[in-house]
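Enquirer: Sharing a structure below in structure tokens format, with a few things to ask.
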């Protein structure tokens with residue numbers, strides 16, 4: 001029996017083709033993908049296509065679209081064995097991270113992929129990304145899905161979605177997972193690193209929690225910055241500060257006083273690193289002690305994309321009984337390392 005995969009086309013470069021008269025890229029009808037890629041008919045899985053009515057540039061993807069995708073997966077969860085989401089590359093790490101928090105008790109693969117070149121381009125990376133993603137989305141052993149989490153497949157590598165970042169707008173290997181090993185790799189054989197795969201709590205029934213708050217602000221610290229800009233924050237419940245190295249910031253009395261004022265307003269402060277690799281370690285350097293004094297939350301080795309979407313998901317979410325700080329420091333679905 002062939003496994004059934006629902007392919008959800010949201011938009012992005014992968015669904016483009018060049019108009020050779022104008023030289024411009026245009027979206028093509030993804031319902032005709034089997035004509036564009038007849039090799040899909042040779043796959044060992046059945047592929048069904050659902051397209052967004054209007055294909056979206058990934059820079060337009062946000063909370064509303066994340067909810068749409070989550071609800072679509074929930075509605076079709078029992079009909080299909082896996083899900084493949086075609087998405088623009090610029091914000092794919094944000095969407096994959098958000099979905100990882102929204103999909104509870106997931107026991108089927110949800111794979112994101114895209115491409116750097118349109119599917120109609122002669123040198124495109126789209127076909128390999130699409131075909132191999134379908135393999136991972138339909139991979140089962142002993143009637144159990146091998147991948148039971150939200151992942152990104154790109155340029156021969158399978159990553160945990162909420163551990164990724166896009167680091168290149170130029171090269172085909174555009175994604176990296178600097179603080180967590182890859183989940184799999186494709187070559188002559190498809191490889192899976194089973195010891196790195198996430199598994200939900202046993203017995204947890206699949207459900208979705210589409211709560212997303214937009215009362216989250218992300219701010220990158222830089223030398224010479226005036227922290228006074230942050231004194232008059234309004235409509236913000238969580239401030240994510242991206243600071244230097246393992247958690248340092250300029251050490252002045254003004255820094256302490258302004259951050260204390262922010263905390264006195266009831267605003268949570270989450271601290272993440274500007275470094276791609278490594279994480280936050282309060283107390284390692286004296287210039288990080290200010291965060292301990294004001295009760296900041298360490299983001300450990302979380303990515304910026306995952307920190308933002310996790311904070312959006314937790315802020316004001318009544319489905320979490322513990323405090324925001326307790327929930328944020330908990331490893332919900334493999335987004336942080338617990339041994340830092």
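The values are calculated or read from the model by the stated rules, or taken from the named source; none is laboratory data. Just so we're clear, the structure is a prediction, and the values are computed from it rather than from any experiment. No Cβ is skipped: glycine too gets one built from the backbone with ideal geometry, and neighbour counts run over all protein chains shown.
Enquirer: So residue 251 passes all but one of these: (1) in contact (Cβ under 8 Å) with a residue 40 or more places away in the chain; (2) farther than 30 Å from residue 127 by Cα; (3) more than 15 Å from the chain's Cα centre (by Cα); (4) assigned to a loop (DSSP other than H, G, I, E, B). Which condition number does it fail?
Expert: (1)
Enquirer: Could you go through segment 152-167 and let me know if any residue there is modelled with pLDDT of 95 or more, under 24 Å from residue 49 (Cα atoms) and part of a loop (DSSP other than H, G, I, E, B).
Expert: Yes.
Enquirer: Scan segment 190-204 and tell me whether some residue there is on the phi > 0 side of the Ramachandran plot and either in a helix (DSSP H, G or I) or outside the structural domain of residue 154 (by TED's automatic domain parsing) (or both).
Expert: No, segment 190-204 contains no residue that is on the phi > 0 side of the Ramachandran plot and either in a helix (DSSP H, G or I) or outside the structural domain of residue 154 (by TED's automatic domain parsing) (or both).
Enquirer: On the phi < 0 side of the Ramachandran plot, part of a helix (DSSP H, G or I) and surrounded by fewer than 17 Cβ atoms within 10 Å (Cβ to Cβ) - does that describe any residue in segment 80-97? First the steps, then the outcome.
Expert: In the first step, residues of segment 80-97 are kept if they are on the phi < 0 side of the Ramachandran plot; the result is 80-97.
In the following step, the residues that additionally are part of a helix (DSSP H, G or I) were identified as 92-97.
From what's left, surrounded by fewer than 17 Cβ atoms within 10 Å (Cβ to Cβ): none.
Taking every residue of segment 80-97 in turn, none turns out to be on the phi < 0 side of the Ramachandran plot, part of a helix (DSSP H, G or I) and surrounded by fewer than 17 Cβ atoms within 10 Å (Cβ to Cβ).
Enquirer: I want to confirm something. Restricting to segment 103-135 and keeping residues that are more than 23 Å from residue 26 (Cα to Cα) and surrounded by fewer than 24 Cβ atoms within 10 Å (Cβ to Cβ), which single residue is nearest to the chain's Cα centre (by Cα)?
Expert: It comes out as 104.
Enquirer: For a quick check of your reading of the model, give me the residue pairs whose first member lies in segment 39-58 and is assigned by TED's automatic domain parsing to the domain that holds residue 12, whose second is surrounded by fewer than 14 Cβ atoms within 10 Å (Cβ to Cβ) and part of a strand (DSSP E or B), with beta-carbon atoms closer than 6 Å and at least 6 apart or on different chains.
Expert: Nothing qualifies.
Enquirer: So if I check each of 248, 252, which one is over 23 Å from residue 163 (Cβ atoms) and at pLDDT below 95? Give the derivation first.
Expert: Details: 248 fails: at pLDDT below 95.
None of the other options fit; the residue is 252.
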